[in-house]
Each structure stands twice: as C-alpha cells, then as structure tokens.
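Below is one structure, written out as structure tokens; the observations come after it.
The values are calculated or read from the model by the stated rules, or taken from the named source; none is laboratory data. None of these values were measured; they are calculated from a predicted model. Note that we place each Cβ from the backbone using ideal geometry, even for glycine, and neighbour counts take in every protein chain shown. To get the accessible areas, we keep the full protein, side chains included, count just its heavy atoms, and leave off ligands, DNA and RNA. Shrake-Rupley method; radii C 1.70, N 1.55, O 1.52, S 1.80 Å.
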Amino acid sequence: MNLYIRYFDSEVLVKSADEAIDFLSAIDDISMNPVLEKDVRDYVASDVYYPKRYKIRPRVYFIIIKTEAQTMQDFKEKKAVRPVEGQAAKNTPVLMSLNESRFGWYEGAILFKRVQQVPGTGKFQYRDTSFVARVKAASGMDCYNRIVAHLSERVDRRSQFPSAKGKNFKFQYLGKCK
C-alpha cells in the first residue's frame, strides 16, 4: 500500500508512514507535532481507504490517499484504483453499453415529468408519464436523444426529461436493421 500526499503544488507518492511524515515535516506551513504524527500513522495502519484531509488553517488542507499505484504516473492515470464498495452498482452493463456503438433497432422506455393542465382550475401540474418507443439508433444514447427529440416536439416545453444515465430511462437492443 502506497500513499499519495498533496499540499498545493507539492505532491509525492511514498511507501510508508515514516516517509509521509518526513515529506510533511519538510513543508514550512505544516507544523508536525506528535498528535498529527500519530493521526497519520493511525490512518496508514487502518483499513479505511477513503482520502484523509488535514486542516492546516482556514481553507488550507493537505490530503493523503491510499493507493495500490507503484508510480506517480500510474496514480495519475488511475491504473491502480481500488474499487469502492457500491461502485459495482454504478458500472452496470446498461450504463457501460449506453455509448456502445451498435446500429439497429432499440426499444427505449422513458418516465418523464409532463406538464398538463388540470381541468376546471386552469392550473398546470407535473405528472409522471411513461413513453415507450422502438427506434433505429446507433447506440443507447442515440435512442435516448431520438425519443427526447420526438417528445419535445409534442409536449409542453416545460416538461422535464430524466438523464439517460438515470433509472427513469431503460433501453434494449432488439437487433440489426436491414
């Protein structure tokens, strides 16, 4: 386990708590004391993988990040990022295939907020409206854009459409078109 430490433009990738403390001690703005030293050592020894931020003075911090990267370039290119729990849910196959280029027929379903006039009162309100369509598209994102473009011409302009990456848009590739 290595540690990435940054304070403004000063940054380093070190292999131990001792090297981290040596780096921080060399910075004039950071006054290394036994409490800070103990806290850095405790963070390095813990099983916690989220970044740790230390306050130097108001609005001035340095950060320490645990990483598996062996070089600074690997860290910058995020080659050794430890997967965060719950991140697997964000990288579902649907989201990964949203921009995958596969020309053909898609079935897209969108749940959007449609502005409709309430009979009798003349006031307007948002109502959840579901819309499903089969379209020729080059990708899931293209399918979304075509559905939203179609709906935008036919509903009140104040209607609100969800993000293509959200849970209110689903699509399925049906096959190649001839």
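Between helix 140-152 and the chain there is an angle of about 50 degrees, using the helix long axis and the longest principal axis of the Cα atoms.
Heavy atoms of the protein chains alone define the surface here; on that basis the stretch 121-178 has 71 Å² accessible area per residue at 1.4 Å probe size. Can you compute the label reach from residue 103? Point 7 Å from Cα along the Cβ direction, backbone N cut-off under 18 Å, restricted to the stretch 155-178. Of the residues in the stretch 155-178, 173-178 have backbone N under 18 Å from the label point off residue 103. Rolling a 1.4 Å probe over the protein chains gives residue 147 an accessible area of about 0 Å². From its DSSP helices (H runs of at least four residues, each -39,500 (n - 2.57)), the chain gives a residue-normalised ellipticity at 222 nm of -7000 deg cm²/dmol. In the chain, with Lys and Arg counted as +1 and Asp and Glu as -1 at Cβ, which of these residues, 126, 60, 173, has the Cα nearest the positive end of the dipole, that is, farthest along it? It is 126.
Holding the Cα-Cα limit at 27 Å, pick out from 55/167; 52/78; 78/170 the pairs that are longer than that.
55/167; 78/170
Between residue 37 and residue 71, the FRET efficiency from the beta-carbon distance, with R0 = 25 Å, is close to 0.40. Only protein atoms count toward the accessible area here, which uses a 1.4 Å probe; on the chain, the carbon and sulfur part of that area reaches 50 percent. Mean silhouette area of the chain, derived from the convex hull of its C-alpha atoms and averaged over all directions, reads 16.9 nm².
Sort 121, 71, 129 from largest to smallest accessible area, using a 1.4 Å probe on the heavy atoms of the protein chains. Let's see the in-between values first.
Values: 121 90, 71 65, 129 30 Å².
The most accessible residue leads, giving 121, 71, 129.
Mind checking the dipole of the chain: about its Cα centre, +1 per Lys or Arg Cβ, -1 per Asp or Glu Cβ, Debye to the nearest 20?
Details: 31 positive and 21 negative charges, 321 e Å.
That gives the chain a dipole magnitude of about 1540 debye.
The modelled label-to-label distance between residue 157 and residue 22, using points 7 Å beyond Cα along the C-beta direction, is 6.5 nm.
Overall, the anisotropy analysis places the stretch 1-60 in the rounded class: the square-rooted eigenvalues a ≥ b ≥ c of its C-alpha gyration tensor yield a/c less than 1.5.
Angle of helix 34-45 to the longest C-alpha principal axis of the chain, folded into 0 to 90 degrees and rounded to 10: 50°.
If R0 is 45 Å, the Cβ-Cβ spacing of residue 56 and residue 165 corresponds to a FRET efficiency of close to 0.75.
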